[in-house]
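Each reported figure results from applying straightforward, stated rules to the coordinates on display, with no laboratory input. All values reported here derive from a predicted model rather than from experimental measurement. Using ideal geometry, Cβ is built from the backbone for each residue, glycine included, and neighbour counts are taken over all protein chains shown.
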Amino acid sequence: MSLDSELLRKHIEAWKAKLAKDPQRAALAKQERVDRIAYYQSQTAEKIRHFSQDEFYEYISKLWAMLIWGNKKYLVDKLINDNGFEAVKNELAELVWGDQPIEKRWDHFRSTIKGMGPAMMSEILCHSSPNNYMLWNRRAYVGLHYLGIDDLPRYNYQVTGTRYRSLCDTANAMCQVMRTENISEADLLTLDLFIWDELQVEETLSQIHKKGAAADVGGTGQIAPQAAPEFLHDEVRDKLEQIGIWLGFSAKTEVKVADGAVVDTVWESSIGNLGRVIYVFEVQTAGSIDSLILNLLKSLNNPAVQGIVAVSDPTQIGKIRKEVAGLPQLREKLKYWDYTEVLHVHEALEAVNESINSLGLVPQSILSV
């Protein structure tokens, strides 16, 4: 990684001038971060392990990462249902306050708890320990990419514990530059404000959703795996679910749709005279294509299944097409979706939902009913 220190200093000076021009806004932003640090640091490991469901909801719903969800209670309930309440509390306490190096805590949490990605994890860590851990999300990617830092993890499955540790080291180096530029109190939460406020450069943002723009690692045109296939599989599966929810479907993962057919993701809706309609998605990142085809064939035994989609990379999609060529009952119905497109669509919808939900048009009290 190569940080453009001169460009960083230039923007630090511009940011200082911006803060000086509007001291009231600067004071409010600073106070918000002071309050967040105070709250999250007060939630000790023991307190987290003994959270009531209401306390757990408060802890999670405060996160900026939750702005993408109109109904925050839905996601909190899903975390509890998918992982078990005691398990998610114990693992969260260990992630935030455990004795193991952050690399091990990060990887263990990612492999154990379903439904909390790097944005939520890193935000909790940053609020709880702002001198050690950075907040990593789409905005951080844009800011660091603009400063010339290359080989950044573009998607969740690429953010391993080792890479997160490296990102924190880079962020701390940026904080040190901020301190030399007379922002003496700068910590990694201050850095997050700076990145959000000063480094969301229009040209960079305009490129982020273009097909293949930031996903092309090393000029290959493909997203480099950089993680075990199961992490990529689970990320795509879960993002398909979220896309479905944002589009107004009832969406779930790991659903039995017919005898012997448990599929990765389903979107379900009731459409007029058609009644219940189900769309099935199977994600293929590794393993047997035959099992994917068999699962999709079995899913067609459910008369409510109106659409089936294989989600994979171009090479494996080509192999799947060849395999189903002799199966007319599947060949005529099967659609294909490149998983890189799924990730792009999710990111675009995430930005839309974050922007709309930040307006606070619908109170949480109504959404949580």
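Values for this structure:
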quantity: Ranked LEU147, LEU189, criterion: other C-beta atoms within 10 Å, fewest first; calculated: LEU147, LEU189
quantity: CD proxy at 222 nm, helix term only [per DSSP H run n ≥ 4: -39500 (n - 2.57); per residue of the chain; nearest 500]; calculated: -17500 deg cm²/dmol
quantity: DSSP bridge orientation in segment 229-351 - percent antiparallel, rounded to nearest 5; calculated: 55
quantity: Low-density loop cleavage sites - GluC sites (Glu not before Pro) in segment 11-52, where at most 11 other Cβ are within 10 Å (DSSP); calculated: none
quantity: Out-of-range pairs (alpha-carbon distance over 18 Å; input LYS114/LYS252; LYS252/LYS333; LYS62/LYS89; LYS78/LYS252; LYS298/LYS335; LYS78/LYS114); calculated: LYS252/LYS333
quantity: 0 to 90° range, to nearest 10: angle between helix 5-21 axis and the chain longest Cα axis; calculated: 70
quantity: Local electrostatic count at GLY244 - Lys and Arg +1, Asp and Glu -1, tallied over other residues with Cβ under 9 Å; calculated: -1
quantity: Residue-span extension gain [GLU32 to SER358] - 0.36 nm each, minus C-alpha spacing; calculated: 115.8 nm
quantity: Residue order, fewest to most surrounding Cβ atoms within 10 angstrom, among MET121, MET66, MET178; calculated: MET66, MET178, MET121
quantity: 10 Å-binned pair-distance histogram of segment 115-169 (Cα, whole percent); calculated: 24, 61, 15, 0
quantity: Kirkwood-Stokes translational diffusion coefficient of segment 5-218, alpha-carbon pairs, 25 °C, 0.890 mPa s, µm²/s; calculated: 135
quantity: Relative contact order (percent, whole number), segment 5-218, Cα cutoff 8 Å, 6+ residue spacing; calculated: 23
quantity: Kirkwood Rh (inverse of mean 1/r, distinct Cα pairs), segment 19-67, angstrom; calculated: 12.5
quantity: Added length on full extension, which subtracts the Cα-Cα distance from 0.36 nm per residue, ASN90 to HIS50; calculated: 13.5 nm
quantity: The chain: angle of helix 118-128 to the longest principal axis, Cα-based, in degrees nearest 10; calculated: 30
quantity: Set of aspartates and glutamates with alpha-carbon distance to LYS104 below 20 Å, sequence-local pairs under 8 removed; calculated: GLU91, GLU94, GLU123, ASP169, GLU230, ASP234, GLU235
quantity: Gain in span if fully extended, ARG25 to ASP150, counting 0.36 nm per residue against the direct Cα distance; calculated: 41.8 nm
quantity: Percentage of interatomic Cα-Cα distances in segment 36-141 larger than 18 Å; calculated: 44
